[in-house]
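Notes to accompany the following structure.
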Amino acid sequence: MSLKQYIDPNRIPEHVAIIMDGNGRWAQAHGEQRVFGHHNGVHAVHCTTQVAAELGVKYLTLYAFSTENWNRPQAEVDALMNLFVDTIERETPTLCENNIRLTAIGDLARLPERTREKFEECIRRTAQNTGMTLVLALSYSARWEITQAVRNIAAQVAEGTANLNQIDEGYVSRNLTTKDIPDPDLLIRTSGELRISNFLLWQIAYAELYFTDQYWPDFDEESFYKAIIDYQHRERRFGKTSEQLAK
Ligand code: FPP
């Protein structure tokens with residue numbers, strides 16, 4: 001029996017962010033090379049995207065490649081870049097059929113030209129879709145993003161288009177790559193690691209954190225439902241007391 005029946009359709013998180021971890025260990029556990037894990041991780045990406053859209057999640061952000069991932073063996077980096085190209089090519093029609101818009105955050109300029117062009121093409125082709133927004137974090141790290149924002153704001157102050165008194169939390173948020181995206185309500189990390197690994201550090205200030213031991217390629221519909229149910233049992237107080245929330 002599916003866990004779906006236990007989900008309250010009126011309390012679906014607007015934005016779910018996921019650290020997809022454990023592809024390499026999944027492959028090793030199956031006696032295969034790490035890249036085999038990434039290939040199987042694509043199935044979990046497809047399945048999670050479909051199920052999130054069906055439930056009415058408005059934004060799904062997936063940590064597909066971090067700034068630090070550039071330090072992996074070149075063969076693995078190349079394999080991932082090729083996998084992105086193949087996956088985006090294959091999945092663009094599915095995104096369109098499901099009215100899903102693709103967008104990306106991160107230092108896309110570092111991606112190989114062919115990979116960047118594929119993403120840009122898919123972003124263009126899905127730009128008019130009005131359903132869920134799928135955000136891929138590519139060559140992304142929160143410290144990179146915050147550093148860029150600080151540089152931009154400093155330049156605005158230096159050229160006189162901003163003054164110091166104007167710079168509040170909202171101003172900083174509007175200078176991040178996520179400026180058009182609400183903060184995540186729920187952050188999921190697979191593979192049993194209890195870390196944030198430089199992901200959306202500013203944006204997750206009040207996100208509910210959910211960790212599962214499952215490796216990413218094993219994460220399926222039921223795993224996603226379980227995370228949503230867990231989220232729905234949390235009380236989000238945003239610094240207030242329970243009594244204040246009841247009023
Ligand atoms: C982390 O597992 C996973 C990645 C660095 C890559 C994730 C990418 C995909 C699943 C492909 C998705 C494709 C698109 C287009 C979004 P790991 O290698 O760090 O695993 P480990 O911790 O077990 O070594």
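Can you pull out the residues in region 191-240 that are more than 26 Å from S173 (Cα to Cα), away from the ligand (no atom under 16 Å from the Cβ) and without any contact (Cβ under 8 Å) to a residue 24 or more places away in the chain?
Those that are more than 26 Å from S173 (Cα to Cα), away from the ligand (no atom under 16 Å from the Cβ) and without any contact (Cβ under 8 Å) to a residue 24 or more places away in the chain: D230, H233.
Report, by residue number, each residue of region 99-152 that is within 26 Å of R195 (Cβ to Cβ), of a type in the set (V, I, T) and within 13 Å of the ligand (Cβ to nearest atom).
Once the filter is applied, which keeps residues that are within 26 Å of R195 (Cβ to Cβ), of a type in the set (V, I, T) and within 13 Å of the ligand (Cβ to nearest atom), region 99-152 yields T103, I105, V135.
When residues of region 64-98 are filtered for being of a type in the set (F, W, Y) and near the ligand (Cβ under 10 Å from one of its atoms), how many remain?
Count: 2.
Looking at region 117-134, which of its residues are assigned to a loop (DSSP other than H, G, I, E, B) and surrounded by fewer than 19 Cβ atoms within 10 Å (Cβ to Cβ)?
If the condition is that a residue be assigned to a loop (DSSP other than H, G, I, E, B) and surrounded by fewer than 19 Cβ atoms within 10 Å (Cβ to Cβ), then A127, Q128, N129, T130, G131 are the ones that fit.
Can you tell me which of (1) open to solvent by less than 40 Å² (accessible area, probe 1.4 Å); (2) out of contact with any strand residue (DSSP E or B) (no Cβ under 9 Å at 6 or more places or on another chain); (3) closer than 18 Å to P217 by Cα is the one G56 doesn't meet?
Condition (3) is where G56 drops out.
Is it the case, given these coordinates, that T92 is buried (at least 19 other Cβ atoms within 10 Å of the Cβ) and touching a helix residue (DSSP H, G or I) at 6+ places or on another chain (Cβ under 6 Å)?
no
Among the residues of region 139-167, write down those that are open to solvent by 50 Å² or more (accessible area, probe 1.4 Å) and in contact (Cβ under 8 Å) with a residue 24 or more places away in the chain.
R143, W144, I146, Q148
Identify, please: which residue in region 172-190 is part of a loop (DSSP other than H, G, I, E, B) and more than 14 Å from N152 (Cα to Cα) and is, among those, nearest to the ligand (Cβ to nearest atom)?
The selected residue is T190.
Looking only at region 129-169, count how many residues are in contact with a strand residue (DSSP E or B) (Cβ under 8 Å, 6 or more places away or on another chain) and not aliphatic (A, V, I, L, M).
Number satisfying all stated conditions: 8.
Looking only at region 14-53, which residues are open to solvent by 10 Å² or more (accessible area, probe 1.4 Å), on the phi > 0 side of the Ramachandran plot and within 11 Å of the ligand (Cβ to nearest atom)?
Result: no residue meets the conditions.
The conditions are (1) under 23 Å from Q74 (Cβ atoms); (2) free of Cβ contacts under 8 Å to residues at least 12 places away in the same chain, and G41 fails exactly one of them. Which is it?
Every condition holds for G41 apart from (2).
The values are calculated or read from the model by the stated rules, or taken from the named source; none is laboratory data. It should be emphasised that the depicted structure is a prediction, and the values quoted were computed from it without experimental measurement. Note: ideal-geometry Cβ built from the backbone for every residue, glycine included; neighbour counts use all protein chains shown. The protein model used for the area step is the full one, side chains on, heavy atoms only, and it has no ligands, DNA or RNA in it. Shrake-Rupley method; radii C 1.70, N 1.55, O 1.52, S 1.80 Å.
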